[in-house]
1. Filter the stretch 19-36 for residues that are surrounded by fewer than 13 Cβ atoms within 10 Å (Cβ to Cβ) and in contact with a Lys or Arg (Cβ under 9 Å, 6 or more places away or on another chain) and give the result.
2. Got at least one residue in the stretch 68-85 being farther than 15 Å from ARG233 by Cα, in contact with a strand residue (DSSP E or B) (Cβ under 7 Å, 6 or more places away or on another chain) and not acidic (Asp, Glu)?
3. When you look at SER304, is it among the hydroxyl-bearing types (Ser, Thr, Tyr) and closer than 29 Å to ALA126 by Cβ, yes or no?
4. Search the stretch 293-318 for residues that are closer than 28 Å to ASP180 by Cβ and pair each with any residue that is assigned to a loop (DSSP other than H, G, I, E, B) and hydroxyl-bearing (Ser, Thr, Tyr) when their beta-carbon atoms are under 6 Å apart and the residues are at least 6 apart or on different chains.
5. Going by what's in this entry, would ARG322 be described as in a strand (DSSP E or B), under 24 Å from ASN153 (Cβ atoms) and not β-branched (Val, Ile, Thr)?
6. Consider the stretch 225-249. How many of its residues are within 16 Å of the ligand (Cβ to nearest atom) and among the hydrophobic types (A, V, I, L, M, F, W, C)?
7. Could you list, in sequence order, all residues of the stretch 51-72 that are surrounded by fewer than 17 Cβ atoms within 10 Å (Cβ to Cβ) and of a type in the set (A, V, I, L, M)?
8. Exactly one condition in (1) in contact (Cβ under 8 Å) with a residue 12 or more places away in the chain; (2) among the β-branched types (Val, Ile, Thr); (3) loosely packed, with under 13 Cβ neighbours inside 10 Å is not met by ILE12; state its number.
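The numbers here are math on the coordinates, done by the rules we state, and not lab data. Treat the numbers as computed from the prediction; the structure is a model and nothing was measured. Every residue, glycine as well, gets a Cβ built from its backbone with ideal geometry; the counts of neighbours run over all protein chains shown.
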Amino acid sequence: MNGTRALIRPEIQALEGYSSARMEAQGGDVLLNANESPWPGSGDANWNRYPDPQPRALVERLALLYGVAAERVLVTRGSDEGIDLLTRTFCAAGRGAIIENPPCFGMYRVSAAIQGCEVIQVPLAADWSLDRRGIAAAWRPGAHLVYVCSPNNPTGNATDPNTVAELAEAMAGRAVVVVDEAYQEFSAKPSCIGLVDRFDNLVVLRTLSKAYGLAGIRCGGLVARAAVIATLRRVMAPYPIPAPSVAAALDALDESRGETQRRRVAGIVASRASLAGALTQCAGVREVWALDANFVLARVDDASAWVARCADAGVLIRDVSRYPSLEDCVRITVGSPPENSRLLEVVGAPPAAAVSA
Ligand SMILES: *Cc1c(COP(=O)(O)O)cnc(C)c1O
């Protein structure tokens, strides 16, 4: 990964990284090397012990889930942490830059701003496809991260892996292409994870927050070549993954829950279509998009009035009209069938449409 290695900040290339007690020695039955308490602080769990920085069982479970070798998986505290780690690893403070494609997820530019980096914006084309020529033209030395949110939040459309492959090829030696697949489970289009075999400048972010119903435990998987994973680990906190989160993730990913999990995602995908159908019958709705994620996007006559009317009835939806090209758009997460019916009732869907959704 010579070309990609050169994109890592020189300070990080030279960094040795913190060596924790748990990294230096494993095994033993009298643990006097990490200044922990000998007594559990809560219940019977051995939470008095620092956790494994990368818990083996969870790394392997995520590797199986994503169909990659364990050395290509980094367990994160969610994709937000992945974005933060990538920014601090690849973007020089005060000099570096990222490229994003608005309207897109908001954390890329927040992490870049925290690092004092420029945010180069290359808007999506009118059909919400990537403007690859625009990205190549906007690239400048130091712009070491190019984000592709697929399926995209808040538009919901997915980018074809062939397009991502062409972008990764064009950016080789210039930037790492980061594909944020937070909503991949809800999409019929293929994941970009397979491309990690071909490109050492490709990173894919996955998370258990959306499809797996685990937003509260903060857990995700970052997939990249082993050399990238090893570098990110040196930047990451020494004991990043809390033991209760590991236990919850392994429980949720147990094969015994697989069928329920698949049924839930299929249910969201089915409700997405019926919710969109019902919304199109509501007064004041101009356009509805129900694409590859667990939300629908609707252009309405007055977005802030819609959001306020829903909030008055206790139903929270998101005003996304501040995003470029999304004037008067609201983003509505697909909920449970009773939740969807409640939303439709509040926005005045014809009763028959509301019931079938
Ligand atoms: C929700 C979301 C995230 C954040 O995921 P976490 O794993 O909960 O940090 C990342 N990217 C996109 C596009 C999202 O919508």
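1. ASN33
2. Scanning the stretch 68-85 turns up at least one residue that is farther than 15 Å from ARG233 by Cα, in contact with a strand residue (DSSP E or B) (Cβ under 7 Å, 6 or more places away or on another chain) and not acidic (Asp, Glu).
3. It is true that SER304 is among the hydroxyl-bearing types (Ser, Thr, Tyr) and closer than 29 Å to ALA126 by Cβ.
4. Listed pairs, sorted by first residue: ALA293/TYR183; ALA303/SER321.
5. Numbers: in a strand (DSSP E or B): no; under 24 Å from ASN153 (Cβ atoms): yes; not β-branched (Val, Ile, Thr): yes.
When the stated conditions are applied, ARG322 does not pass them.
6. 7
7. ALA57, LEU64, LEU65, ALA69, ALA70
8. The number of the failed condition is (3).
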